[in-house]
Every structure is written in C-alpha cells, then in structure tokens.
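Provided herewith is a single structure, encoded as structure tokens, for subsequent inquiry.
All of the numbers you see were taken from the coordinates with simple rules; none came from a lab. Fair warning: this is a prediction, and the values are worked out from it, not measured in the lab. FYI the Cβ positions are ideal-geometry reconstructions off the backbone, even for glycines, and counts take in every protein chain you see.
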Amino acid sequence: MDGANTRGALARKGLLTARHLGFYLHAARVLGVLCTEIEPFAATFQGQSWMSTGPGSDRERKVLREAIEASDLIQQLAPGLLAAEAPARELLARRIQTIARVEAATARRLRAAAMSCFPPAPRPSIGYGR
C-alpha cells in the first residue's frame, strides 16, 4: 500500500473516490487479504502471501484462487465460482438478490459483472483433415 494504511491516507493519494475506496476495502476484506476493522489497516497472512507474488504469475493466480475459495461470502453467493463450469446465471442472480438484499435488476447487473470473468465456452473443433 506504499505506506498508506488508513482510509484517510489512501483518500489523500487521490487515486479513488471515497465511494470506490470503500468498494476496494470491502473486496479486500471479503477476500481476507486485508484487516480493515481498525486503522491502521494490516495485510493478513493471505494478503502478505499475495503481495510477495509477481503480477500475473502462476503463484499470484494460485494465491487469489485460494482467497476466493476460502471466502465465506463468496462461497455463500457463488459456490463453485472457479469451477470448470460457470455457475448457473439465474441461480447466481437469485443468491445475490437474497444474500445482498438488493433489487432483482441490481442482482442481474452484479451477476453479469461476475459472469464477465468467465471466457465464452470453447467452440467444438470441426476437425478437418483428422
């Protein structure tokens, strides 16, 4: 965090609005990488492990996968989120609506955002010449 370990210090950097800073802090808490209950904030063991990885490395992907799979909230909203097969879209929307207590339209937008991280299903090979 480049020495910025409080909400005020992060806000003074001017990189995010207060609202977006809140989103990032909430995401870090949900993933279990940052303890945000008291200031100054502190990286958890999982967060320290993530910070020690190289950006885009296999190790970074492994650490993030472990954080997602260990998150109680993510498992409530989307169990099996990182499975080979994407979660059912409507089930995901219903879970978001129920657990997050949001309107159906908001749940669908959140579901669409979550589903955008999944690549489209591979197309079957025609297999010419084989």
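Hey, what do the phi angles of the range 98-111 turn into as Karplus ³J(HN,Hα) couplings, whole Hz, using 6.51/-1.76/1.60 and θ = phi - 60°, x for Gly and Pro?
Karplus values, whole Hz, x for Gly and Pro: 6, 6, 7, 6, 10, 5, 4, 5, 5, 4, 5, 5, 5, 4.
Separate question: Taking the Cα atoms of the range 22-107, what is the range of coordinates along each of the three principal axes, in descending order and whole Å?
Each principal axis gives a Cα extent; for the range 22-107 these are 38, 33, 18 Å.
Moving to a separate point now. Please report, in debye to the nearest 20, how large the charge dipole of the range 1-70 is about its Cα centre when each Lys and Arg carries +1 at its beta carbon and each Asp and Glu carries -1 there. Provide the component values of the computation, followed by the final result.
Working: 9 positive and 7 negative charges, 43 e Å.
It works out to roughly 200 debye.
Mind sorting 60, 69 by how few other Cβ atoms lie within 10 Å of their own Cβ, fewest first?
In increasing order of surrounding Cβ atoms, one gets 69, 60.
Rounded to the nearest whole Å³, what is the per residue volume of the convex hull around the Cα atoms of the range 1-70?
For the range 1-70, the hull spanned by Cα atoms encloses 91 Å³ per residue.
A follow-up question, please. Amide H of residue 42: which non-local residues (sequence gap of 5 or more, or other chain) have their own amide H closer than 5 Å, using H built in the peptide plane?
Residues meeting the amide H criterion: 35.
Place a point 7 Å from Cα of residue 68 in the direction of its Cβ. Which residues in the range 91-111 have their backbone N less than 17 Å from it?
Of the residues in the range 91-111, 92-93, 96, 110-111 have backbone N under 17 Å from the label point off residue 68.
Report ³J(HN,Hα) in whole Hz for each residue of the range 72-79, in order, from the Karplus equation J = 6.51 cos²θ - 1.76 cosθ + 1.60 where θ = phi - 60°; Gly and Pro get x.
The phi angles translate into 4, 5, 5, 5, 5, 6, 9, x Hz.
Another one. Debye sum, Cα scatterers, the range 1-40, no solvent: what log₁₀ I/I(0) at q = 0.31, 0.34 1/Å?
Rounded to two decimals, the profile gives -1.22, -1.30.
Ranking 71, 52 by Cβ neighbours within 10 Å, fewest first, what do you get?
52, 71
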